[in-house]
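This report concerns only the one structure given below.
A short reminder: the numbers here are calculations on the coordinates, not readings from a lab. Predicted model only: the values in this text are computed from it and were never measured. So basically every Cβ, Gly included, is an ideal-geometry build from the backbone, and we count neighbours across all protein chains shown.
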Amino acid sequence: MRALFSTLLYNLLVRLSWLQKRPYTAWFWHVLFAFGNKRFTNIVSTTIHGRKIHVNFGYPYPFISRTIPTFNNPLIELVYQKYSIKKKSVRMVDVGASIGDTVLLLSSNCPGMLGAIYCIEGESGFYQLLEHNMREFDNVKLFHAMLSSENGVGKKLVRIHTGTASSIGQGSIKTLSLDTLSVKEKIAEIDIIKIDVDGYDGRVLEGARKFLRKNKPDVIFEWHPLLCKKTGNAPQTHFKTLSLEGYSQFIFFNKFGEFSHFMTGYDRRAVETLAHYCVDAASPDDWHYDVIALHKRSGLNPVSLATVRYARNKPNSH
């Protein structure tokens, strides 16, 4: 009965997500959400992008996708543009795959455009849900691993809220580099790497330099200076590493998926100034960016990517 009630409440919250947009109803939604999060920690069933899946109660993606129509537009546009220029299916690595929402998003909004997808997730609870949710996708291969700059150990992954985990724990977890994993598992001919690992993205890129040099994939990563600070990582690392491997164009989108600005080459001062803004207590709540990085041989048009014309007309936002 408890499982049934928690599932009903979660899906009610999903359907009522629109209440958050209105000041006079937002309080009611947040009261319901707080009530559920306080009482339920179990797994519930829901539907994301037309697929029945399992998530932990409070998983935020369905709420976000319903209230922010532009959310994840940069990733959708990147896949579409890459498919358009290649004229064949796009092969992708998804680092920080969580419960599989990226695969669900792209399968729904970029039909017929995806080839092999390699999903990598380090947090055990999320990985179990990922296994369940991806069981019907023949083109998806899963890896339970925490990627970093080298093969060794890192801080334990701790859930910082119901939808994500960050490397800020007291214990330790085994890490390996994407360079090592790709050789061991024969992951090759990759077109796109998506990285979203809550402050560890720079470390992942450091451990992927041979992979980047060989494949020259387009890269989309979360740039979250506040989480970089909390995990003890420099926010400049992402850009320094990519620049060394021939990436010369960076396209910044705000956390809502809206175009912000371009950066040509690694402008250290600009990156440091923007990082200070993101961690400043007076800046907007949890301010961060998604960044598309293009290799100098990419062939994709930065301006076309920034307009997200295809993604703005996506068939299924949630």
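Taking Lys and Arg as +1 and Asp and Glu as -1, the other residues whose beta-carbon sits under 13 Å from that of Y200 total -3.
Note on the range 1-63 and the range 216-254: Cα centroid distance 32 Å, given to the nearest whole angstrom.
Full extension of the segment from Q128 to K86, taken as 0.36 nm per residue of separation minus the current Cα-Cα distance, would add 11.8 nm. Hand me the trypsin sites (Lys or Arg not before Pro) from the range 240-301 located in a DSSP loop with no more than 13 other Cβ atoms within 10 Å, in residue order please. Here the trypsin sites (Lys or Arg not before Pro) that fit, given the DSSP loop and packing criteria, are K296, R297. Stokes-Einstein diffusion of the range 2-66 at 20 °C, 1.002 mPa s viscosity, Kirkwood radius from Cα pairs, rounded to a whole number: 180 µm²/s. Segment H261..V31, full-extension length gain: 79.1 nm, with 0.36 nm per residue of separation and the alpha-carbon distance subtracted. Summing charges over all other residues whose Cβ lies under 14 Å from the Cβ of F33, with Lys and Arg as +1 and Asp and Glu as -1, gives +4. Taking the helices alone, the chain has a mean residue ellipticity at 222 nm of -11500 deg cm²/dmol, built from -39,500 (n - 2.57) per DSSP H run of at least 4 residues and averaged over all its residues.
Inter-label distance, R297 to F5: 6.1 nm, where each label sits 7 Å from its Cα along the C-beta direction.
How big is the Rg/Rh ratio for the range 71-312, C-alpha atoms only, Rh by Kirkwood, two decimals? Over the Cα atoms of the range 71-312, Rg/Rh equals 0.93. Other residues lying with their Cβ under 10 Å from the Cβ of V279 contribute a combined charge of +1, Lys and Arg counting +1, Asp and Glu -1. Computed from the C-beta positions of Y277 and L244, the FRET efficiency with R₀ = 35 Å rounds to 0.90.
Here the gap between S172 and D285, fully extended at 0.36 nm per residue and compared with their Cα-Cα distance, gives a gain of 37.7 nm.
Across the range 71-312, C-alpha contacts under 8 Å between residues 6 or more apart give a mean separation that, scaled by the residue count, equals a relative contact order of 20 percent. For the range 239-302, what does the alpha-carbon gyration tensor say about shape, rounded, prolate or oblate, given a ≥ b ≥ c as the root eigenvalues, a/c under 1.5 as rounded, and a/b over b/c as prolate? Taking the square roots of the gyration eigenvalues as a ≥ b ≥ c, the range 239-302 is oblate. In this structure, the amide hydrogen of A116, modeled 1.01 Å from its nitrogen in the peptide plane, lies closer than 5 angstrom to those of M92, counting only residues at least 5 positions away or on a different chain.
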